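First the structure, in the form of C-alpha coordinates, and then the observations on it.
The values are calculated or read from the model by the stated rules, or taken from the named source; none is laboratory data. Being a predicted model, the structure only gives us computed values, none of them experimental. Cβ sites come from the backbone with ideal geometry, for glycine too, and all protein chains shown count toward neighbours.
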(Lines give C-alpha, C1' and ligand atoms only; values in the text may rest on other atoms or scores of the structure.)
Protein backbone atom coordinates (compact mmCIF):
# COMPACT_ATOMS: atom_id res chain seq x y z
CA UNK A 1 0.00 0.00 0.00
CA UNK A 2 1.49 3.35 -1.00
CA UNK A 3 1.34 6.51 1.08
CA UNK A 4 2.20 10.12 0.28
CA UNK A 5 3.51 12.00 3.31
CA UNK A 6 5.68 14.95 4.19
CA UNK A 7 9.41 14.41 3.71
CA UNK A 8 11.47 14.09 6.89
CA UNK A 9 15.19 14.44 7.58
CA UNK A 10 15.37 10.65 7.74
CA UNK A 11 14.24 10.48 4.10
CA UNK A 12 17.01 12.68 2.67
CA UNK A 13 19.57 9.94 1.97
CA UNK A 14 17.02 7.86 0.04
CA UNK A 15 15.61 10.91 -1.76
CA UNK A 16 19.12 11.89 -2.83
CA UNK A 17 19.77 8.33 -4.03
CA UNK A 18 16.63 8.47 -6.21
CA UNK A 19 17.57 11.93 -7.48
CA UNK A 20 21.14 10.90 -8.34
CA UNK A 21 19.94 7.86 -10.29
CA UNK A 22 17.24 9.85 -12.10
CA UNK A 23 18.99 12.99 -13.32
CA UNK A 24 22.24 13.82 -15.09
CA UNK A 25 22.57 16.94 -12.90
CA UNK A 26 21.19 15.84 -9.50
CA UNK A 27 20.74 18.07 -6.52
CA UNK A 28 23.32 17.70 -3.74
CA UNK A 29 21.93 15.98 -0.63
CA UNK A 30 22.39 19.25 1.28
CA UNK A 31 19.89 20.92 -1.05
CA UNK A 32 17.14 18.63 0.20
CA UNK A 33 18.12 19.38 3.79
CA UNK A 34 17.91 23.11 3.00
CA UNK A 35 14.48 22.65 1.44
CA UNK A 36 13.33 21.02 4.68
CA UNK A 37 14.05 24.38 6.35
CA UNK A 38 12.60 26.55 3.57
CA UNK A 39 9.21 27.93 4.68
CA UNK A 40 8.13 28.23 1.04
CA UNK A 41 8.95 24.59 0.23
CA UNK A 42 6.47 21.76 0.25
CA UNK A 43 8.31 18.43 0.28
CA UNK A 44 6.60 15.06 -0.05
CA UNK A 45 7.65 11.45 -0.47
CA UNK A 46 5.70 8.42 -1.54
CA UNK A 47 6.35 5.12 0.17
CA UNK A 48 5.55 1.54 -0.70
CA UNK A 49 5.82 -0.90 2.21
CA UNK A 50 7.52 1.86 4.23
CA UNK A 51 10.26 2.29 1.58
CA UNK A 52 10.59 5.71 -0.09
CA UNK A 53 10.11 5.20 -3.83
CA UNK A 54 9.65 8.80 -4.97
CA UNK A 55 9.62 12.44 -3.96
CA UNK A 56 8.50 15.91 -5.00
CA UNK A 57 9.71 19.37 -3.98
CA UNK A 58 7.66 22.43 -4.81
CA UNK A 59 7.73 26.04 -3.71
CA UNK A 60 4.67 28.06 -2.83
CA UNK A 61 5.36 31.72 -3.61
CA UNK A 62 2.40 34.09 -3.36
CA UNK A 63 -0.28 32.43 -5.51
CA UNK A 64 2.11 30.24 -7.51
CA UNK A 65 3.22 26.67 -7.01
CA UNK A 66 6.56 25.95 -8.70
CA UNK A 67 7.33 22.25 -9.13
CA UNK A 68 11.08 22.21 -8.49
CA UNK A 69 11.80 18.50 -8.83
CA UNK A 70 10.01 15.17 -8.88
CA UNK A 71 11.32 11.64 -9.36
CA UNK A 72 10.40 8.01 -8.80
CA UNK A 73 13.05 5.32 -8.55
CA UNK A 74 13.55 3.38 -11.76
CA UNK A 75 12.17 0.10 -10.39
CA UNK A 76 8.85 1.75 -9.52
CA UNK A 77 8.15 3.92 -12.57
CA UNK A 78 4.90 3.41 -14.43
CA UNK A 79 2.93 2.53 -11.28
CA UNK A 80 1.23 5.91 -10.82
CA UNK A 81 3.49 7.15 -8.02
CA UNK A 82 4.46 10.34 -9.86
CA UNK A 83 0.75 11.10 -10.39
CA UNK A 84 0.09 10.62 -6.68
CA UNK A 85 2.98 12.92 -5.75
CA UNK A 86 1.98 15.63 -8.23
CA UNK A 87 -1.67 15.41 -7.15
CA UNK A 88 -0.67 15.84 -3.48
CA UNK A 89 1.59 18.82 -4.23
CA UNK A 90 -1.09 20.54 -6.32
CA UNK A 91 -3.87 19.86 -3.81
CA UNK A 92 -1.72 21.10 -0.94
CA UNK A 93 -0.76 24.25 -2.82
CA UNK A 94 -4.34 24.91 -3.89
CA UNK A 95 -5.49 24.60 -0.28
CA UNK A 96 -2.88 27.22 0.65
CA UNK A 97 -4.06 29.68 -1.99
CA UNK A 98 -2.15 28.80 -5.15
CA UNK A 99 -3.93 29.83 -8.34
CA UNK A 100 -1.26 28.69 -10.80
CA UNK A 101 1.38 25.98 -11.01
CA UNK A 102 4.41 26.01 -13.25
CA UNK A 103 7.50 23.97 -13.99
CA UNK A 104 10.25 23.37 -16.48
CA UNK A 105 10.72 20.01 -18.18
CA UNK A 106 13.32 18.75 -20.62
CA UNK A 107 12.01 18.91 -24.16
CA UNK A 108 13.01 15.24 -24.61
CA UNK A 109 11.32 13.94 -21.42
CA UNK A 110 8.23 12.42 -23.01
CA UNK A 111 6.96 10.48 -19.95
CA UNK A 112 7.10 13.63 -17.79
CA UNK A 113 5.41 15.73 -20.48
CA UNK A 114 2.59 13.18 -20.68
CA UNK A 115 2.20 13.22 -16.89
CA UNK A 116 1.92 17.00 -16.83
CA UNK A 117 -0.44 17.05 -19.81
CA UNK A 118 -2.72 14.59 -17.98
CA UNK A 119 -3.11 17.19 -15.21
CA UNK A 120 -3.89 19.96 -17.69
CA UNK A 121 -0.51 21.69 -17.83
CA UNK A 122 0.05 23.60 -21.05
CA UNK A 123 3.29 24.52 -22.78
CA UNK A 124 3.62 28.31 -22.70
CA UNK A 125 7.24 28.83 -23.66
CA UNK A 126 10.74 27.52 -24.11
CA UNK A 127 13.86 28.26 -22.11
CA UNK A 128 16.67 27.86 -24.62
CA UNK A 129 19.71 25.84 -23.46
CA UNK A 130 18.26 25.69 -19.93
CA UNK A 131 19.97 22.45 -18.93
CA UNK A 132 23.69 23.03 -18.56
CA UNK A 133 24.74 19.39 -18.77
CA UNK A 134 23.81 19.18 -22.46
CA UNK A 135 22.32 22.62 -23.35
CA UNK A 136 18.90 21.04 -23.90
CA UNK A 137 15.90 23.35 -24.01
CA UNK A 138 13.33 23.32 -21.25
CA UNK A 139 9.65 23.67 -21.92
CA UNK A 140 7.84 26.00 -19.55
CA UNK A 141 4.48 24.56 -18.52
CA UNK A 142 1.70 26.21 -16.54
CA UNK A 143 -1.57 25.13 -15.01
CA UNK A 144 -4.40 27.35 -13.85
CA UNK A 145 -5.62 25.76 -10.64
CA UNK A 146 -9.29 25.84 -9.73
CA UNK A 147 -10.92 25.23 -6.38
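The table for this structure:
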| item | result |
| --- | --- |
| Members of the stretch 57-79 that are farther than 17 Å from residue 121 by Cβ and not in a strand (DSSP E or B) | 62, 73, 74, 75, 76, 77, 78, 79 |
| Filter pass, residue 103 being part of a strand (DSSP E or B), farther than 22 Å from residue 20 by Cβ and at pLDDT 95 or above | no |
| Residue match in the stretch 1-10 (condition: assigned to a loop (DSSP other than H, G, I, E, B) and either over 16 Å from the mean Cα position of the chain (by Cα) or loosely packed, with under 14 Cβ neighbours inside 10 Å (or both)) | yes |
| Inter-residue pairs, beta-carbon under 7 Å, first surrounded by fewer than 18 Cβ atoms within 10 Å (Cβ to Cβ) and in the stretch 76-90, second at pLDDT 95 or above and in a helix (DSSP H, G or I), 6+ apart | 83/115 |
| Of the criteria (1) under 22 Å from residue 139 (Cα atoms); (2) in contact with a strand residue (DSSP E or B) (Cβ under 8 Å, 6 or more places away or on another chain); (3) touching a residue at least 24 places away in the same chain (Cβ under 8 Å), which one residue 59 fails | (3) |
| Residue in the stretch 122-140 that is surrounded by 14 or more Cβ atoms within 10 Å (Cβ to Cβ) and assigned to a loop (DSSP other than H, G, I, E, B) present | no |
| Residues within the stretch 26-56 that are touching a strand residue (DSSP E or B) at 6+ places or on another chain (Cβ under 7 Å) and not in a strand (DSSP E or B), tallied | 4 |
| When residues of the stretch 80-100 are limited to those that are over 20 Å from residue 2 (Cα atoms) and assigned to a helix (DSSP H, G or I), the one nearest to the chain's Cα centre (by Cα) | 93 |
| Some residue of the stretch 64-73 being touching a strand residue (DSSP E or B) at 6+ places or on another chain (Cβ under 9 Å) and at positive phi | no |
| Extreme residue, nearest to residue 58 (Cα to Cα), among residues of the stretch 97-111 that are buried (at least 17 other Cβ atoms within 10 Å of the Cβ) and touching a residue at least 40 places away in the same chain (Cβ under 8 Å) | 101 |
